């Protein structure tokens, strides 16, 4: 059934079902609980794993927040509630394709049985059925690696996002000039481009994101932050050419100003330093903070808060202001 109650298209195929405890369906050397469906579609064969929600959450946790120490357990519990909320809120989003979630960063990284540990199952069982709600409805429970000191507003992360009162900037300050997420290896970072590298990167990325010509890219005379968002992140980047300029919206900046062709910029929380010679940019340096879109739960911040003795419900309602943790089942 689709979210509106109408009947969806039937997806036929072959099913492999595990019917014995501690026996699993295996695909590509990886084990999965529940049912594995093999469906023929326009792209070839699609493999679908159908599992109960709690088993899905167990397969997600280690892939998203990693294996945590005993004093970081509350961060694992917080991630369990967030991952469950995200899954249930987005149930049916990919109904036309015959499944609820991709098993990668398009939704959540799902590793099946390979991601399960006793600590993971303990977190799943202790939070069983718990979700984050605002005004009686499950929230859009976004999360990211490292906020760098302050989380983002929803409009800074996504072009088409609607305002959400619980998705607004939240300070991650822990006192004395420190942040809870400053233990992250990506808390501070630096990227550098010379003129050749900058031109090569923009020649690839601008046509994809901004629909402008790449091969005939003019000389780059300046790159500047032209607008800052509510959290201090870059909400508009201006790239100036010999004749004309382009304004890149904040949500597209990480995809345009890439360090390498296959890697996004760590975050949009950065400052630029530009060196010019003969009217052309010869060196561009970005000094930045954090990793990811910056929205919602800061995972390294949650780890830092757990080490400081904060309980997972308090961690969650800090990063998602105005929400409550409720048990659905």
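The values are calculated or read from the model by the stated rules, or taken from the named source; none is laboratory data. Source: prediction; values computed, not measured. Backbone-built Cβ (ideal geometry, glycine too); neighbour counts: all protein chains shown.
Mind checking which residues of region 14-34 are at pLDDT below 80, buried (at least 16 other Cβ atoms within 10 Å of the Cβ) and part of a loop (DSSP other than H, G, I, E, B)?
18, 24
Within region 152-163, count every residue that is in contact with a strand residue (DSSP E or B) (Cβ under 8 Å, 6 or more places away or on another chain) and either at pLDDT below 90 or over 18 Å from residue 252 (Cα atoms) (or both).
Matching residues across region 152-163 total 1.
I'm trying to understand the selection: among the residues of region 269-289, which are surrounded by fewer than 21 Cβ atoms within 10 Å (Cβ to Cβ) and touching a helix residue (DSSP H, G or I) at 6+ places or on another chain (Cβ under 9 Å)? So that I can check it myself, show each step before the final result.
So in region 269-289, the residues surrounded by fewer than 21 Cβ atoms within 10 Å (Cβ to Cβ) come out as 271-280, 282-283, 285, 287.
Hits for region 269-289 are 277, 280, 282, 283.
Name the residue, out of 90, 49, 37, 70, that is modelled with pLDDT under 85 and either crowded, with 18+ Cβ neighbours inside 10 Å or within 30 Å of residue 317 (Cβ to Cβ) (or both).
Residue meeting the stated conditions: 37.
From the list 167, 206, exactly one residue is in the same structural domain as residue 273 (by TED's automatic domain parsing) and touching a helix residue (DSSP H, G or I) at 6+ places or on another chain (Cβ under 7 Å). Which is it?
Of the residues listed, the single one that is in the same structural domain as residue 273 (by TED's automatic domain parsing) and touching a helix residue (DSSP H, G or I) at 6+ places or on another chain (Cβ under 7 Å) is 206.
Here's the yes/no breakdown for (1) modelled with pLDDT of 75 or more; (2) within 30 Å of residue 310 (Cα to Cα); (3) surrounded by 12 or more Cβ atoms within 10 Å (Cβ to Cβ):
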| site | (1), (2), (3) |
| --- | --- |
| 42 | no, no, no |
| 54 | yes, yes, yes |
| 60 | yes, yes, yes |
| 98 | yes, no, yes |
| 104 | yes, yes, no |
| 110 | yes, yes, yes |
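Could you look through region 259-268, keep only residues that are touching a strand residue (DSSP E or B) at 6+ places or on another chain (Cβ under 6 Å) and surrounded by fewer than 24 Cβ atoms within 10 Å (Cβ to Cβ), and pick out the one that is nearest to residue 236 (Cα to Cα)?
Ranking the qualifying residues of region 259-268, first place goes to 266.
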